Amino acid sequence: MATVALLLLLSAASQGQTQDPDTLRRLAAAQPPARVASSPPAAPNRVTAARTSSGIALDGVLDEPMWQTATPVAGLTQKDPNEGQPSTQRTEVRVLYDEGALYIGAELFDTSPDSIVAQLARRDRFITADRFFVFLDPYKDGRTGFYFGVNAAGTLYDGTLYNDDWDDDTWDGIWDAHVTRTARGWAVEMRIPYSQLRFQARPEHVWGINFRRDISRNNESAWLVFTPKNGSGFVSRFHELGGIAGVQPPRRLEILPYVTGKAAYLDHTPGNPFNDGSKYSPSAGVDLKLGLGSNLTVDATVNPDFGQVEVDPAVVNLSDVESFFEEKRPFFIEGANIFNFGSGGANNFWGFNNPTPDFLYTRRIGRAPQLSADVPAGGYSDAPEGTHILGAAKLSGKIGDWSLGTLSAFTKREHATIDDGAGGRTRAEVEPFTYYGAARMQKDFNAGRQGLGFLSTATIRSLDDVTRDRLNSGAYALGVDGWTFLDADRMWALTAWAGASHVRGSEAQIERLQQNSIHYFQRPDASHVEVDPAATTLTGFGGRVTLNKQKGRWYTNTAAAFLTPGFEVNDLGFQWTSDIINAHQVVGYRWRTPTDWYRQINVNTSVVGSWDFGGNRVHQMVWFNSNIQLPNYYWFFLGGNALPDRLNNRRTRGGPLTINPSGYSVFGGFDSDDRKPVFFGMEGSLGRFSQGSERSWNISSYVEWKPMDRLSLRVSPSINKLRAGAQFVGTLDDPAATSTFGREYIFAPINQTTFSSAVRMNWIFTPKLSLELYAQPLISSVDYADLRALEAPRTYRFVPTDGVGPDPDGAGPGEPARVTADDFTFASLRGNAVMRWEYLPGSTLFLVWTQSRAANEDLGTFRFGESFDQLIGAKADNIFLVKLTYWWNP
């Protein structure tokens with residue numbers, strides 16, 4: 001109860017921050033009466049900043065005399081809901097500057113000030129609220145920039161702009177903004193230090209600038225200049241910001257030391273010498289941001305800690321494709337768009353079975369050790385959960401007209417300690433010392449109408465005699481990408497990339513690599529690939545070409561891609577397949593002018609096909625999707641696809657081809673108006689495929705409740721049902737299986753039911769203090785039917801089998817090989833609680849509690865109640881973390 005009382009006290013105390021009575025009186029005296037924007041002045045094509053020599057008290061009250069020296073900018077225009085119409089409320093924006101910072105002052109008049117929506121959220125979390133943004137293009141390149149925003153409750157938003165149309169909120173700058181509410185509306189004051197921007201050293205500066213105001217109750221966004229709904233290009237449309245003179249890029253140095261204390265209370269086996277149920281580990285490290293001249297920035301981290309990040313969700317993966325988890329570590333996600341590859345120029349990239357890999361997947365850095373130690377019966381092992389990152393650094397910025405980004409990281413050589421149960425101990429290497437590197441360069445030509453870029457990655461490992469046959473010694477990739485607009489209006493964009501990969505290793509390792517789930521060179525009926533046991537390298541190539549029509553009611557997207565069988569970037573990238581040629585054609589139409597019965601409608605359809613390099617058609621589909629937004633701001637969508645018989649070169653996991661039988665699927669759903677205190681949505685899908693190959697359905701939903709302007713609760717349950725006719729189980733050597741090349745490829749029909757949910761609570765006491773709770777329960781049951789073996793290649797026919805291979809030595813002691821499929825139910829509960837307090841700008845205190853628990857049962861029947869009871873009764877792992885950071889700007 002004491003904790004709840006404290007939280008309520010903090011919440012109540014924080015409500016006065018933006019409505020202090022003295023501040024209200026000052027603002028009322030400083031503002032003229034609000035006026036309806038029925039006939040607003042035209043927005044200027046140039047915004048002029050005025051220099052201030054006196055200080056600005058950042059309190060949300062524009063009462064300093066210097067604000068009156070700046071020319072106000074008004075006349076914002078709606079993009080939503082009524083494109084091209086004047087904003088329903090009057091806005092005036094002024095820009096000041098001094099030697100150290102840019103100041104933005106906005107007076108956001110409102111004829112119904114009691115209807116202003118002011119809800120608190122964590123920084124960068126978009127919720128229903130009135131907001132104001134400024135967008136800057138300091139390089140004036142028409143493609144990149146920064147944005148800074150604040151909502152009517154004081155929540156800050158910031159990020160970077162790139163590729164003209166896109167934004168990235170992973171960057172958190174050190175700047176400030178204050179808001180104040182009055183009877184006439186609300187007001188904003190921002191201070192943006194030059195140290196947070198990137199611009200050239202010049203006597204006078206001309207930047208790009210844009211403003212945006214969101215009026216939540218109207219679902220309105222009004223802009224100084226906006227991108228039409230049927231158009232493209234955002235940064236390139238910005239108006240000029242002039243009047244800034246005598247300002248030079250400052251010296252930039254930011255140091256962020258940290259200390260942590262971690263206590264782990266873990267489930268353990270009695271007698272385990274490495275785990276008595278508790279573990280305590282203090283740590284310290286430092287992050288550094290250093291400007292090299294006016295255009296380059298170094299970000300470095302020594303002994304980084306990522307204990308405050310959200311846990312990964314639990315998954316049950318029965319496929320041969322690795323699960324992809326998003327990067328959540330701040331050092332790696334901030335500015336990650338620098339390394340975006342192959343997606344310049346166009347504003348949309350459709351992907352249907354698109355094989356384009358991620359050349360840089362930073363989850364590889366600091367991953368769980370890839371090797372495991374051999375533990376004798378009755379023994380124990382102690383291995384690190386993740387590879388320790390010794391240090392990492394990023395370099396970003398511009399060299400001349402070229403944008404540059406590099407990443408370098410070193411990870412520690414990790415060992416597992418093995419106890420044989422009788423006091424004897426040994427050590428085994430489970431991860432070698434490794435260097436990871438990536439470099440990216442890109443240049444725009446002809447005012448952004450063309451672009452050219454390069455990307456390279458490298459992974460270099462220090463291997464010993466044991467690890468050299470289990471890991472690649474080196475892996476390298478090189479790519480070139482670019483784009484060009486085919487017309488003066490930038491309606492048609494042609495984008496392409498091409499790349500090569502090269503992996504080195506011992507003969508044993510490269511032989512293993514050729515046979516893993518990405519390559520399957522051992523396929524007995526594939527004439528275009530074969531395993532080379534003497535190879536010590538593997539090389540491959542890939543590429544994609546996309547043509548995108550991105551303006552107008554009609555739009556189209558055409559793409560073709562390929563990856564050769566030897567393409568491999570998984571040492572530092574993420575790749576799910578190879579040996580593929582893929583193409584699609586999308587055509588769509590959009591209605592964007594609101595009527596009495598809809599606000600907008602989008603309809604699109606596509607045809608898709610994929611082949612391997614042996615000419616086998618491995619995918620073919622016709623796809624349709626439509627969505628409509630009603631006048632009440634509800635969204636509805638409906639779609640489906642149809643697939644003919646096609647070949648599958650992965651089902652047997654290195655064996656012969658099989659048939660994927662024909663079928664179809666349909667999907668649909670809706671979302672309600674998220675401005676309401678309670679909003680919700682649901683979607684579902686249904687799939688039916690011939691020959692009993694698959695029957696599936698899925699329903700997922702969410703509901704979010706905002707009982708107050710600083711508290712939100714969200715629950716997102718889903719249930720998935722799958723009946724598949726051929727789940728891969730294993731293989732057996734059998735000389736009698738001549739039709740399948742001397743091996744039995746064994747499958748079993750499965751009945752799988754999976755329930756999962758995400759539960760979130762966000763309680764924001766002030767813009768600087770928040771508590772976030774997250775929990776993810778998962779229950780998955782898999783019931784296997786009788787085993788059966790593939791009867792013949794290029795079919796979907798199976799024959800019964802007992803899963804027992806031939807006796808290797810007749811009456812001798814040798815046991816035949818066996819394959820079994822055991823039913824199971826897996827239940828998991830993962831979650832964490834994070835208290836975050838930014839006690840000074842850029843300086844933060846984290847209090848974190850993470851818990852995980854799991855239960856297993858040898859039963860394939862889905863029993864929600866029993867499984868949930870077992871899960872609640874399971875022993876939990878609890879980890880508590882305290883982390884303190886301090887931002888120092890010497």
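Computed from the coordinates by the stated procedures, all read-outs in this text should not be read as laboratory data. This one's a predicted model, so the numbers in the text were calculated from it and none came from an experiment. Because the Cβ atoms are built from the backbone with ideal geometry, glycine has one as well, and the counts that use them run over all protein chains shown.
Farthest towards the positive end of the charge dipole of the chain, among the residues ILE338, GLY271, PRO749, is the Cα of ILE338, using unit charges on the Cβ of Lys, Arg, Asp and Glu.
Rounded to the nearest 500 deg cm²/dmol, what is the calculated helix-only ellipticity per residue at 222 nm for the chain, with -39500 (n - 2.57) per DSSP H run of length n ≥ 4? When only DSSP H runs of four or more count, the value is -1500 deg cm²/dmol. Computed over the Cα atoms of segment 142-264, the ratio of the radius of gyration to the Kirkwood radius (Rg/Rh) comes to 1.02.
Which value, in debye to the nearest 20, gives the size of the charge dipole of segment 41-188 about its Cα centre, when Lys and Arg are +1 and Asp and Glu are -1 at the Cβ? Kindly include the intermediate steps, with their values, before the conclusion.
Numbers: 13 positive and 23 negative charges, 63 e Å.
Here segment 41-188 has a charge dipole of around 300 debye.
Taking the alpha carbon gyration tensor of segment 446-566, what are the square roots of 5 times its eigenvalues, largest first, to the nearest whole Å? Let's see the in-between values first.
On the way: eigenvalues 305, 66, 16 Å².
In descending order, the three semi-axes are 39, 18, 9 Å.
Farthest toward the positive end of the dipole of the chain, out of GLN78, PHE562, VAL117, is the Cα of GLN78, where the dipole comes from beta carbon charges about the Cα centre.
Phi angles of segment 705-710 translate, via the Karplus equation with coefficients 6.51, -1.76, 1.60 and θ = phi - 60°, into HN-Hα couplings of 10, 10, x, 8, 6, 9 Hz per residue; Gly and Pro are given as x.
Where the only charges are on Cβ atoms (+1 Lys, Arg; -1 Asp, Glu), what is the dipole of the chain about its Cα centre, to the nearest 20 debye? Display every interim value, and only then the final one.
On the way: 84 positive and 97 negative charges, 537 e Å.
Here the chain has a charge dipole of around 2580 debye.
Give the separation of the Cα centroids, segment 571-624 to segment 457-489, in Å. That distance is 27 Å.
Using per-residue counts of other Cβ atoms within 10 Å, averaged over each peptide, order 45-56, 117-128 from highest down.
Working: 45-56: 15.1, 117-128: 19.7.
Ranked from most to least packed, the peptides come out as 117-128, 45-56.
Think of the chain as having a plus end and a minus end, set by charges on the Cβ of Lys, Arg, Asp and Glu; of PRO313, PHE637, PHE352, PHE637 sits farthest toward the positive end of this dipole.
Hey, can you list the DSSP H helices of the chain whose Cα span along the axis is 30 Å or longer and whose average Kyte-Doolittle score is at least 0.0? Present the calculation step by step, with values, prior to reporting the outcome.
Working: long enough: none.
For the chain, where a helix must reach 30 Å along its axis and average at least 0.0, there are no hits.
May I ask for the Rg/Rh ratio of segment 216-311, computed from Cα atoms with Rh as the Kirkwood radius, given to two decimals? Provide the component values of the computation, followed by the final result.
Working: Rg = 25.1 Å, Rh = 20.1 Å.
Answer for segment 216-311: 1.25.
Please report, in debye to the nearest 20, how large the charge dipole of segment 682-818 is about its Cα centre when each Lys and Arg carries +1 at its beta carbon and each Asp and Glu carries -1 there.
960 debye
Considering only the Cα atoms of segment 70-175, their convex hull presents on average a projected area of 8.0 nm². Over the chain, the Kirkwood radius and the radius of gyration, each from Cα atoms, give a ratio Rg/Rh of 0.97. From the alpha carbon centroid of segment 800-825 to that of segment 334-350 is 51 Å.
Alpha-carbon geometry of segment 774-865: the Rg and the Dmax are 24.5, 78 Å, given in that order. Converting the Cα gyration tensor eigenvalues of segment 254-363 into ellipsoid dimensions via √(5λ) gives semi-axes, longest first, of 34, 27, 9 Å.
Structural size metrics of segment 818-857, computed from C-alpha coordinates, are Rg and Dmax of 19.6, 63 Å. The alpha carbon radius of gyration of segment 598-743, expressed as a multiple of 2.2 N^0.38 Å, is 1.47.
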